[in-house]
1. Let me spell out the model: positive unit charges on the Cβ of Lys and Arg, negative unit charges on the Cβ of Asp and Glu, origin at the Cα centre of the protein assembly as shown. What dipole size does that give, in debye rounded to 20?
2. Fewest to most neighbouring Cβ within 10 Å: what's the order for A:L219, B:L209, A:L210?
3. Out of residues 5 or more away from A:A49 or on other chains, whose amide H comes under 5 Å of its own, with H placed 1.01 Å from N in the peptide plane?
4. Can you give the longest stretch of chain B with no exposed loop site, where a site means GluC sites (Glu not before Pro) in a DSSP loop (not H, G, I, E or B) with at most 12 other C-beta atoms within 10 Å?
5. With the crude spin-label approximation of a point 7 Å out along Cα→Cβ, what separation in nm comes out for A:K120 versus B:L160?
6. If we count every other residue with Cβ under 14 angstrom of A:A49's Cβ, Lys/Arg +1 and Asp/Glu -1, where does the sum land?
7. Using a 10 Å cut-off around each Cβ, can you sort B:Y154, B:Y118, A:Y135 from fewest to most neighbouring Cβ atoms?
8. Could you tell me the center-to-center distance, by alpha carbons, between the stretch A:41-61 and the stretch A:252-300 in angstrom?
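Values in this text are rule-based calculations from the coordinates and carry no lab data. Fair warning: this is a prediction, and the values are worked out from it, not measured in the lab. Please note: Cβ atoms are built from the backbone with ideal geometry, for glycine as well, and neighbour counts cover all protein chains shown.
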Amino acid sequence: MHMAFFVADNIISPLGFTTADNFFALAKGLTGIDIINDTKIYPETFPAAMIQPRSLNNAFENIPTTTTFTHLEKMLLLSVSDAINKTTIDIKSPKTGIILSTTKGNIDLLAPDQQNKFEKERVQLWRLAQVIAGYFGNPNQPIVISNACISGVLAINVAAMLIHEGKFDHIIVIGGDIVSRFVVSGFMSFMSLSPKACKPFDKERDGLSLGEAASTIILSKDKTGKNNIRYLGGASANDANHISGPSRTGEGSFIAIKKAMEEANVTPHQIDHISAHGTATPYNDEMESIAIDRHQLNKAPVNSLKGSFGHTLGAAGLVETAILLEEMRNNMLLKTVGFSELGVSRKINVVNQTTNHELKTCLKMASGFGGSNAAMVIQKA
Amino acid sequence: MEQLIIKTYCHIKNNHVYINGQPAFDYPEANSMHDFLKKAFKHFKPGYAKFYKMDDISKLGFLASEVILKDKPNQNCAPEDVGIVISNSQSTLVTDTEFQASIEDDDHFFPSPSVFVYTLPNIMMGEISIRHGFRGENAFYIFENFNANFVADYINQLFLSQKLKACIGGWVDQSSESYEAFIYWADDQKDGIPAIEHSGNEIERLYNLIR
């Protein structure tokens, strides 16, 4: 069994710049998704959850620096600063590790009008990680995970393992991705974006909505104060089926959940709640319902937060874990924004109303391009 | 104590393919990485048409894995026990730049889904998984330079926690100027082949065999 505790977290999203603010917005049923009309990003309007540069810059004035940072870097620095300030962890210690989860990092710097603003290598993911780690004076080489949409959950799995191994006492897991012309055009070309705010697991769902966010999850070998939620187990698995579509049998997701529950030493009936990936594409949600059904987790309340944050790619697993932790602390199930009628072939229990509910043991799922899947189990003492 | 052993490895760089440190194919006159990989693929004859639709960095990682998996070292291993852990420095920047060129202005706007899907570095691991039916742990890491110690520790820890019994590991990188692949296969079956310990030092040594 793993000995890693969740000790602090943060979410930077259009709904707020702390986990508490985001949780409060979600409890009210709010969404960060709006219609974006910005031809620099896409020639037509599209729905997405984007952070206003003005509000980001206002918040960033509290960060002591004279250096210029990119939009994503500001999000990440704000996120880490807020999370670390809630702990007594020494970020400059060699026993404090940093893991960055991102799919595309500063990809907006490839655009012609951005190219001269920063040094050329700033678009490299390792360089982005160095900028963040360097700002805080962390002495370790940062670890970067770029594994499509499972990056965030995978990063937590890796962090827990490195703490378990004794390599680090604390790990600051940071995730972030932005809504860029690159990513919007790509998903548009795939025809996987919904023309409206996405509807996870719903009968009418017709694609995902993108979002931008940064999130930080700090794991530690020590339990501190009232933070009594710990990591129990996790795994990743590949579908070995298709590079851009999920398995029809949910094979990879099924294996990841199976291995995560085995490591956590829990049985399906102990799972009180599932935080699904729930992108609202027809195939993803159907696939997840099959994986959930194959594990006979049909009764466990399932939610997806993509209707609130959009799909925040490399940040998604961290944003959704931060909210899951807050659900557990508050014994509250948040509804799936955008969902009204079940539209997957297997009977699963999608949360459609925010309610109080005792939560002890929870499962987080993620899936992504490249046939990748990840899962983890966390538990409140 | 049970431990992982490196069974076979492949280097591809500078228009050369090496298997276990020995030259296996070269085509010095290739005028691009693309050109070289196509020639090398024909030489090793894996007969897999999907290869041609991949972007160049996926082709590079895929070819290196084909070369070492030719003799099927994985027969005793269940699909969900085979992991893949690959790393690089540039992510998919060359393919990203190609995609970026297709979206730069509204009058010449032709983003292609078949290019976009390859702008994620883990896609090459998806391609290898599909080819061989591997369903185990996957992780793609980015480091400024190959970090053999990290990769070795990570894979060994997955092995100790029984999340894998065999693994493809290595480094597959492409920039606009150069490319290199170093891919190895490790498992826990003792079968008479001189054993190379799956450790940071040994991986570093093998990586540096071909400079």
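1. Working: 53 positive and 64 negative charges, 222 e Å.
In total the dipole reaches around 1060 debye.
2. Numbers: A:L219 26, B:L209 13, A:L210 30.
The order, fewest Cβ neighbours first, is B:L209, A:L219, A:L210.
3. Here the answer is A:D34, A:L210, A:G211, A:E212, since their amide H atoms fall under 5 Å of that of A:A49.
4. On the way: sites that count: B:E2, B:E29, B:E177.
Maximal segment without exposed cleavage sites: B:30-176.
5. Here the modelled spin labels are 4.2 nm apart.
6. Working: positive: A:K196, A:K306; negative: A:D34, A:D38, A:D177, A:E212, A:E320.
Here the count lands on -3.
7. A:Y135, B:Y154, B:Y118
8. A separation of 33 Å, based on Cα centres.
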